[in-house]
Amino acid sequence: MTVVHGTRSPERAIDRLLLEVEGVVKGFPGVQALDGMHLTLRGGEVLALVGENGAGKSTLMKLLSGIYAPDSGTFRLDGREIRPAGPKHAEDLGISIIHQEFNLMPDLTVAQNLLIGREPRSVGFFTRDRLLNERAGALLDRLGLPLDPRARVGALTVAKQQMVEIGKALSHDAKVLIMDEPTAALNDAEVEVLHGLIRHFVTPETGVIYISHRMDELKEISDRITVIRDGRYIGTVDTPDTNLREVISMMVGRAIRTDARPENVREDRPPVLRVDGLATKALLKDVTFELREGEILGFAGLMGAGRTEVARAVVGADPISAGTITLRGAPVRIRHPARAAELGIGYLSEDRKQFGLMLGQSVATNIALSSLAQRFATRGFVRDRDIRSVADALISSLGIKTPSSRAEVSNLSGGNQQKVVIAKWLAKDCDVLIFDEPTRGIDVGAKDEIYRLLNDLAAQGKSIVMISSELPELLRMAHRVVVMSEGRVTGELLADEATQERVMHLATLRPDESAADAAELHLPPPDVPAASDVGPHADHHAAPQSEARPGADADQAGQSS
Amino acid sequence: MTTTSEHTATPTSRMPTARTLRDRLQQLLAFASLIVIALFFTAADPIFMTFGNITNVLFSTVVIGLLALGTTFVIITGGIDLSIGTGMALCAVMSGTFVVTWGLPWPVGVLLAILFGGLIGLVNGFNVARLGLPPFISTLAMMLVAQGLALVVSHSAPIYFNDSPGYLQLSTGSLIPGLQFPNAVLVLAVATIVAGVLVRRTVLGRYTFAIGSNEEATALSGIDVSRWKIVIYTLAGLFTGLAGVMISARLGSAQPATGAGYELQAIAAVVIGGTSLSGGKGSIVGTIIGALIISVLNNGLQLMSIPQEWQNVILGVVILVAVYADQARKKAAA
Ligand SMILES: Nc1ncnc2c1ncn2[C@@H]1O[C@H](COP(=O)(O)OP(=O)(O)OP(=O)(O)O)[C@@H](O)[C@H]1O
Ligand SMILES: [Mg+2]
């Protein structure tokens with residue numbers, strides 16, 4: 001990301017209005033989602049659309065793609081009024097959209113998803129699959145997406161599924177490309193790839209509307225920023241002339257503080273959870289770490305590094321092939337998540353739709369699920385009144401925007417759904433909480449609130465594992481950061497030694513090459529090359545605390561060269 | 001958090017949501033169709049509305065109703081239980097074996113027969129939850145096993161309860177002297193209330209819905225899904241056992257060869273009552289209304305002397321219409 005931002009080339013046709021949205025109103029039962037919203041998209045620009053959770057961003061995009069019809073208001077594309085009647089119609093008009101919640105068919109392959117409805121025909125039945133895969137492969141190559149056309153989409157990680165969505169949207173010859181939080185599941189490197197795709201896409205005839213809660217990337221990718229609050233237009237600023245503070249205060253109506261780093265690590269606190277030599281058939285090898293009482297332990301790594309796999313293996317959602325887990329000094333076997341819950345270990349999944357929510361049930365029902373028997377029942381009978389009061393309390397402390405605790409979760413905005421999953425785990429009294437991308441899709445103001453809640457939990461003596469693709473968030477929250485790459489732990493950094501560069505270095509280390517890597521730099525091999533030797537290394541595991549953190553050493557060595 | 005909490009719900013807001021309205025509408029609609037069908041039959045033949053005939057309708061609702069109640073739980077989890085029909089016949093045969101062949105006191109025999117139903121459900125639950133077999137397949141297999149066992153145990157002959165008048169009273173007697181309602185109807189009423197309380201008020205009921213809504217999320221929320229599934233299938237089995245007792249008490253005999261076909265009527269009742277076969281939605285009231293609709297149809301069509309074959313055709317069409325109407329309304333609401 002050096003000098004030229006293709007999207008900001010000076011010779012773009014500034015005055016050409018590509019898309020105009022005027023006075024759009026849309027209400028749902030009990031909610032006024034949009035209340036006289038307008039915005040303009042010029043040819044050749046990337047317009048960022050920002051606003052709090054539930055402000056109405058996704059609703060506006062669903063109107064543009066014809067999923068809902070507006071109560072009133074007009075859309076104009078190239079000066080002509082349009083009324084998108086459905087997603088297919090919108091695509092024909094030249095509006096392509098990547099939805100916040102995926103619209104992929106999990107049982108189909110990447111190629112089938114990419115070219116759905118546009119499968120090559122007229123060829124003999126048997127060769128069609130090959131042709132399909134070839135075309136999809138060519139498309140993926142053109143877009144530079146590292147995906148196998150034959151892979152089943154349901155088996156992909158969230159980040160890869162996101163790439164399939166992006167590929168699908170870019171493959172239409174769209175004039176207007178709408179992206180609803182495309183980077184929520186991506187880490188910085190993947191975000192870079194996406195931004196490259198966007199710059200490649202934008203020409204004077206096309207434009208992009210880009211919705212994101214990741215403020216840092218707005219500077220990077222957008223030309224202008226439009227702010228929406230409570231369904232109303234607040235204002236538009238030129239990105240180069242603004243700063244994030246201004247945008248955020250437009251969004252939330254006040255200035256928010258971005259806190260300094262946490263206190264340093266609490267070496268003295270007793271270890272709560274110890275994972276030793278954890279391995280799974282598919283990916284993990286010799287994963288070892290320790291979580292202390294009252295600690296927030298960050299997990300960093302690139303897509304596919306295995307952080308989610310570690311979490312799932314620890315709570316027994318996936319079988320492990322080797323390794324031991326020790327809880328407060330006693331070895332435990334955890335074969336399924338119910339056992340983990342009994343032991344006071346909770347896991348919040350990165351994928352709220354598939355693994356987090358009962359979409360068809362109410363907010364209160366979802367919040368009470370994990371703590372129902374423990375907290376809300378007497379002799380098997382449920383105390384609904386208690387559920388409602390706890391749900392109401394969490395709704396207000398997390399700022400969940402919903403007409404009531406009885407509203408169906410599927411009607412909430414994406415960020416508010418995420419808050420419901422968090423509320424579910426806050427309602428339960430767990431000693432160890434494993435949060436996988438907890439702030440995915442949550443707005444800046446609310447993120448702040450969640451950080452505060454996590455800090456409070458840690459201060460109360462709870463231990464938290466925080467997996468996140470947003471490095472700044474990890475660096476801000478974690479007392480220590482464990483970095484993974486290709487299924488192994490490549491290092492561990494204390495809060496005050498963790499920097500963006502160090503984490504990225506460890507995250508891109510090929511574990512099986514790290515020793516060679518160091519040798520090449522004419523450095524003495526680090527005393528314990530994190531995970532490079534596959535055999536058992538008892539001495540490393542025996543005294544992990546007193547030992548120097550191996551990865552950190554490797555990293556410092558790398559830095560100093 | 002000042003700004004965001006402004007527009008969140010006030011804790012006192014008691015606005016009924018779209019969802020509860022929708023659910024109530026479904027029940028209302030089912031109930032309205034029941035009334036319409038009943039009025040139609042009354043117009044066709046005034047005998048329909050006589051006390052004697054209504055008692056008949058209720059009698060025949062008992063068996064379908066009990067089976068449907070139990071299977072409602074299973075269907076809310078997103079599963080299915082095909083073994084309830086022949087399972088019921090097997091439980092009836094077992095009841096006959098306990099009471100007639102072994103000469104146990106009839107209350108003991110009844111209890112054992114119900115528990116035997118629970119055992120069938122336990123095996124179903126084990127197959128589904130622990131062995132991971134699809135519910136359709138494992139209960140289909142159980143359906144065949146039960147059918148065969150009923151014939152084996154009874155040597156393919158009916159078992160008569162002639163010497164156990166108490167047993168027969170269970171169905172046709174009348175516990176409340178003034179009211180001439182047969183005990184069977186009371187049994188169904190009590191079973192309905194128990195099922196309703198279980199579904200709406202207990203942890204079991206909540207987990208039943210949770211499993212049907214999103215099984216993986218439920219498991220990751222720390223709920224022992226497979227254990228609860230076993231509990232739920234066992235519960236359905238207990239209802240099957242009770243149905244076996246009630247049908248044999250009504251007929252005065254355990255008929256080993258009957259039973260097949262009841263499972264489909266029960267499932268139809270559940271579906272007509274608005275419980276979704278894909279899980280996560282359903283109600284006991286709906287199921288009972290569904291069971292009533294089916295027995296009213298059976299009874300009314302018989303009164304009109306419509307041949308059995310045509311009755312089946314009409315029943316099939318009613319199921320299609322009910323499910324279609326349900327889906328059309330959901331689509332309209334979305
Ligand atoms: N189908 C629906 N039924 C009822 N309410 C809805 C529906 N869709 C959206 N809403 C409500 O409309 C409001 C705006 O939602 P929308 O999804 O547009 O928010 P958003 O700006 O995209 O938020 P987020 O950043 O969390 O994704 C929310 O209060 C939401 O609960
Ligand atoms: Mg949204």
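One table, with the values for the structure above:
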{"item": "Charge dipole magnitude, Cβ of K and R +1, D and E -1 - the protein assembly as shown, Cα centre, debye nearest 20", "result": "2980 debye"}
{"item": "Relative contact order [Cα under 8 Å, 6+ residues apart], chain B, whole percent", "result": "32 percent"}
{"item": "Size of electric dipole in the range A:104-172: Cβ of Lys, Arg +1 and of Asp, Glu -1, about Cα centre, debye, nearest 20", "result": "120 debye"}
{"item": "Karplus-derived 3J(HN,Hα), 6.51/-1.76/1.60, for each residue of the range A:457-464, Hz, glycine and proline x", "result": "4, 5, 5, 6, x, 6, 10, 10"}
{"item": "Cα gyration tensor of the range A:104-172 - equivalent ellipsoid semi-axes, whole Å, descending", "result": "19, 13, 10"}
{"item": "Sequence-distant lysines (8 or more away, or on other chains) whose Cα lies within less than 16 Å of A:Lys419", "result": "A:Lys353, A:Lys401, A:Lys428, A:Lys447"}
{"item": "Label zone at A:Phe28, where the point sits 7 Å out along the Cα-to-Cβ direction: the range A:363-392 residues whose backbone N lies under 14 Å", "result": "A:363"}
{"item": "Cα-derived Rg to Rh of the range A:352-424, Kirkwood definition", "result": "0.95"}
{"item": "Of every Cα-Cα pair in the range A:83-209, the percent that sits beyond 24 Å", "result": "26 percent"}
{"item": "Karplus-derived HN-Hα couplings along the range A:201-215 (A = 6.51, B = -1.76, C = 1.60, θ = phi - 60°), whole Hz, x at Gly and Pro", "result": "6, 6, 10, x, 8, 10, x, 10, 9, 10, 9, 7, 9, 9, 4"}
{"item": "Global geometry of chain B, whether rounded, prolate or oblate, following the gyration tensor of its Cα atoms and the 1.5 cut on a/c", "result": "oblate"}
{"item": "Under 5 Å, built H, 5+ apart or other chain: amide partners of A:Gly346", "result": "A:Val432, A:Leu433, A:Ile434"}
{"item": "Sorted peptide list for A:223-229, A:374-380, criterion being average Cβ within 10 angstrom, highest first", "result": "A:223-229, A:374-380"}
{"item": "A:Gly301 long-range amide H proximity, modeled H, under 5 Å", "result": "A:Met484"}
{"item": "Contact order relative to length of the range A:104-172, as percent, for alpha carbon pairs under 8 angstrom and 6 or more apart", "result": "47 percent"}
{"item": "Restraint check, A:Lys160/A:Lys462; A:Lys160/A:Lys285; A:Lys62/A:Lys424; A:Lys88/B:Lys229; A:Lys285/B:Lys229; A:Lys62/A:Lys281, Cα-Cα greater than 30 Å", "result": "A:Lys160/A:Lys462; A:Lys88/B:Lys229; A:Lys285/B:Lys229; A:Lys62/A:Lys281"}
{"item": "Net +/- balance of residues flanking A:Arg214 in space, Cβ distance below 9 Å, scoring K and R +1, D and E -1", "result": "-4"}
{"item": "Listed residues A:Val482, A:Tyr451, A:Leu506: farthest to the positive end of the dipole of the range A:426-506 (Cβ charges)", "result": "A:Val482"}
{"item": "Compactness of the protein assembly as shown - radius of gyration and Dmax, Cα, Å", "result": "31.4, 102"}
{"item": "Centre separation in Å (Cα based) which lies between the range B:64-127 and the range B:195-217", "result": "22 Å"}
{"item": "Residue order, fewest to most beta carbons within 10 Å, for B:Cys91, A:Cys430", "result": "A:Cys430, B:Cys91"}
{"item": "Farthest toward positive dipole pole in the protein assembly as shown [+1 Lys/Arg, -1 Asp/Glu at C-beta], among A:Ala407, B:Ala184, B:Gly79", "result": "B:Ala184"}
{"item": "Note, ³J(HN,Hα) from phi for the range A:39-52, Karplus 6.51, -1.76, 1.60, rounded to Hz, x at Gly and Pro", "result": "6, 10, 10, 8, x, x, 10, 10, 9, 8, 10, 10, x, 5"}
{"item": "Only Lys, Arg (+1) and Asp, Glu (-1) charged, at Cβ; the range A:352-424 dipole about Cα centre in debye", "result": "100 debye"}
{"item": "Exposure proxy ranking, count of Cβ atoms within 10 Å, fewest first, for A:Glu45, A:Glu20", "result": "A:Glu20, A:Glu45"}
{"item": "Of all DSSP beta bridges in the protein assembly as shown, antiparallel share, percent nearest 5", "result": "60 percent"}
{"item": "Amide proton proximity set for A:Asp443, modelled H, under 5 Å, gap of 5+", "result": "A:Asn53"}
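None of the figures in this text is laboratory data; all of them are computed from the coordinates on show. Remember, it's a predicted structure, so these values are computed and weren't measured experimentally. Cβ coordinates were reconstructed from backbone atoms using ideal geometry, including for glycine residues, and neighbour counts include every protein chain displayed.
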